[in-house]
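The values are calculated or read from the model by the stated rules, or taken from the named source; none is laboratory data. Please read these numbers as outputs of a predicted model, since none were measured by experiment. Methodologically, a virtual Cβ is constructed for each residue, glycine included, from the backbone with ideal geometry; neighbour enumeration extends over all protein chains shown. Surface areas here come from the heavy atoms of the whole protein model, side chains and all, with no ligands, DNA or RNA. Shrake-Rupley method; radii C 1.70, N 1.55, O 1.52, S 1.80 Å.
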Amino acid sequence: MSSSSPPPPPPPPQPADTNATSKAAIITPLSPFQPDLYQRAWSSVPHPTLPLLATAHAKSVTVFSLATFTKHSALTGGHARSVRTVAWQPPRGSTNKRLGLVTGSFDATAGLWSFDAERGAGGAGSGDALEREIRLERGDDDGDDDKEEEEDKEWEFNLVLEGHENEVKSLAFSPGGQYLATSSRDKSVWIWEDVSSGEGPDDEDEWETVAVLSEHDGDVKAVAWAPSHLPNARAGVRRGHYSADVLASASYDDTVRIWREDADGEWVCVAVLEGHEGTVWGLQWETKERSDGRFPRLMTFSADGSIRVWTLRVDEEEEEEHGADEQQEGNTGFRSGFGSVPNTMRRSLREDWDCTAVLPKVHTRDIYSVSWSADTGLVASTGSDGLIVVYAEDESASQDVVGTTAEDGTLGPRSNWKVLGTVTNAHGPYEVNHITWCKRFDPGAERKGKEEMLVTAGDDGVVRPWQVRIS
Amino acid sequence: MERDLDNANPTILSVSQLPSRRRKGPSTRSGPDSKCDSIVFPKHSWPYGSYSSSDDGEDYGEEPMDAQDIYDLISTISDPEHPHTLGQLSVVRLPDIHLNPSPADLSDPDSLVTVLVELTPTINHCSLATVIGLAVRCRLEQTLPPNYRVDVRMKSGTHAQDDQVTKQLGDKERVAAALENDTLQRMVDKMLETCA
């Protein structure tokens, strides 16, 4: 699968190889996380590196260990109404090993929490120590009740972000952690900037509002930042128009909007993606590097039961400029955030995004959640109909089409998606609210820390892991 | 108070005019509507007389849900501004309740059944349409098994903003948040007090 290594003539067999279209996904349930939450679970978010999973339900968040599938800790008492969404804070600074989590609630606020791992681990201040501590703590745990109070104390509610008029529906940290975007039923997206020093365990959280984006005509259901760790994610920077961070928002108004910060520090809407015929419940950026080196695509999913893929249109002329830029930058090792093109010579700030694929339609009701794996490129979806569907893109097919579509300059590479497997009634008769790819750390994993499983969260309050084998 | 009502003089049906399964004796079945019953409904001795779901009746042990059952669950909800039920005000009408597929056809208890209820607000600009819809959705979600998916809509053309109201009522997240709003929850609770 890796595009960076030269492909040897007979490709070596890989466990997660998804190139062949004849493959099928065998999706089998693993034993659910314990304890049962009993109330509707809205979403489950795995920590980017540690074996932890945060699940939002009722007015709290339960953090599960991915090593044992049992409760690690809980965040309670911070919100007056249901917690709808949760996000892990990217590590801040080199010395700060604090674990950070942010919660978005129907009470119209977002809360910043921290888990003082250094205190919990007796002063051993490194991420490794924290990870060890997390694993050890779960190793000898049978009495959840005894430990519950103690665990709850470990999470501290540090800061409340107030400003939205109605329910907060979604939030996301920018890849570097500098920005936090929150979205609400009040039709707005707020961007907050971290202005705390980021050093030391006792550093106070301090966030400032840097933008209020209110161009949507309805609830903003979801926000997501484009990945910035990929070389191809810097197209916009090369164009000299914007800083590196790109935000996308999905709305009850059936549209998706793309936002960037311009050279004057203003956050502007650069594109409106229209095509869905119902509330757009959410979006997922492509986080697996593309073989064609282009900007990450965006996947959106909707109450209309469809999943769409959108591609940034790049015209040929401009692409040549990029090539030149890149060479120059390569020589000097210097890359300016805003490029060197004078203001007056800049092209239009608008971007063109084309819908380049619609995934095979399987769902019959609202699609509430989609997850696009950074490792395998596989996509999993779920929703009101209780189905889990796993899809794969036939990349060989898409490459065949590149040559023909590039000539007219309007269409990006067309993609070809296939259904690899489905599960019906994933949570019995209940709706499934969330699905995510997640690294496995449990004893049953063949490749611990690498192999991916799926985790779903349902109206039945069950958080369920699924083993996915491609055969 | 009366001046504040959106519709001060709604048409009200008496309880005996409401559709019901439990019609006693031939007198209530003498209208022209019942003449075709012998053709429409299969001849079998159903204890309650006519049974609107024609293809069932064998499985007496666990009787599948039908439109009349749904009607019975929601027609007794009180109107938020009139001292009458949604059935009496014809906001809820039996022909506007649809089950798909018919629960009688299901073999797996986890299979989904969609209940579509189309509401007819008493007047065109009923500001309380959303609250009525919320109460109907609530009542059904509280009482029906979890494999039922409830879709509540404003009957097309009956309400000035019927599309918006329908979209709101179909939005799980909005409905969940609305029910955490104390004022709305109290209104809905009050409307549901009259349900058996």
Rounded, prolate or oblate: pick one for region B:96-139, where a ≥ b ≥ c are the square roots of the eigenvalues of its C-alpha gyration tensor, a/c under 1.5 means rounded, and failing that, prolate if a/b is larger than b/c, else oblate.
-> prolate
Once the piece of chain linking A:Ser214 and A:Ser31 is laid out straight, how much longer is it, given 0.36 nm per residue of separation minus the C-alpha distance between them?
-> 61.6 nm
Nitroxide proxy distance, nm - points 7 Å out along Cα→Cβ at A:Asp262 and A:Glu204 | 3.6 nm
Once Lys and Arg are counted +1 and Asp and Glu -1 for all other residues with Cβ under 9 Å from that of A:Thr311, the total becomes +2
Probe 1.4 Å, all chains present, heavy atoms only: A:Trp437 accessible area in Å², nearest 10, is 20 Å²
Rounded accessible area of B:Glu63 (nearest 10 Å², 1.4 Å probe) = 90 Å²
Size of the A/B contact, given as accessible area buried on both chains, probe 1.4 Å, in Å² | 2000 Å²
Roughly what would the spin-label model give for B:His84 and A:Ser228, points 7 Å off Cα along C-beta, in nm?
-> 6.2 nm
Averaged over B:106-112, number of beta-carbon atoms from partner chains that fall within 10 Å = 4
Lys, Arg +1 and Asp, Glu -1 on Cβ, resulting dipole of region B:65-192 about Cα centre, debye, nearest 20 | 320 debye
Among A:Lys187/B:Lys155; A:Lys187/A:Lys450; A:Lys187/A:Lys361; A:Lys71/A:Lys361, the pairs whose Cα-Cα distance exceeds 32 Å are A:Lys187/A:Lys450; A:Lys71/A:Lys361
Note down the net charge around A:Val160, summing +1 for each Lys or Arg and -1 for each Asp or Glu among other residues with Cβ under 12 Å from its Cβ.
-> -3
Note down the net charge around A:Leu53, summing +1 for each Lys or Arg and -1 for each Asp or Glu among other residues with Cβ under 12 Å from its Cβ.
-> +3
Tell me, what is the FRET efficiency for A:Asn416 and B:Asn9 to the nearest 0.05, using R0 = 60 angstrom and their Cβ-Cβ distance as r?
-> 0.45
If you take the square roots of the eigenvalues of the alpha-carbon gyration tensor of region B:65-192 and sort them as a ≥ b ≥ c, do you get rounded (a/c under 1.5), prolate (a/b over b/c) or oblate?
-> prolate
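At 1.4 Å probe size, put B:Thr122, A:Thr76 in order of accessible surface, largest to smallest.
Heavy-atom accessible area, descending, gives A:Thr76, B:Thr122.
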Order of exposure, largest accessible area first, which applies to A:Tyr391, B:Tyr148 with probe 1.4 Å = B:Tyr148, A:Tyr391
Would you mind checking the pairs A:Lys288/A:Lys448; A:Lys288/B:Lys172; A:Lys221/B:Lys190 and listing those with alpha carbons more than 29 angstrom apart?
-> A:Lys288/B:Lys172; A:Lys221/B:Lys190
Using r as the Cβ-Cβ distance of A:Ser471 and B:Ser16, and R0 as 51 Å, what FRET efficiency do you calculate, to the nearest 0.05?
-> 0.20
Can you tell me how much longer the chain between B:Glu193 and B:Ile123 gets when fully stretched, taken as 0.36 nm per residue apart minus their C-alpha distance, in nm with one decimal?
-> 22.8 nm
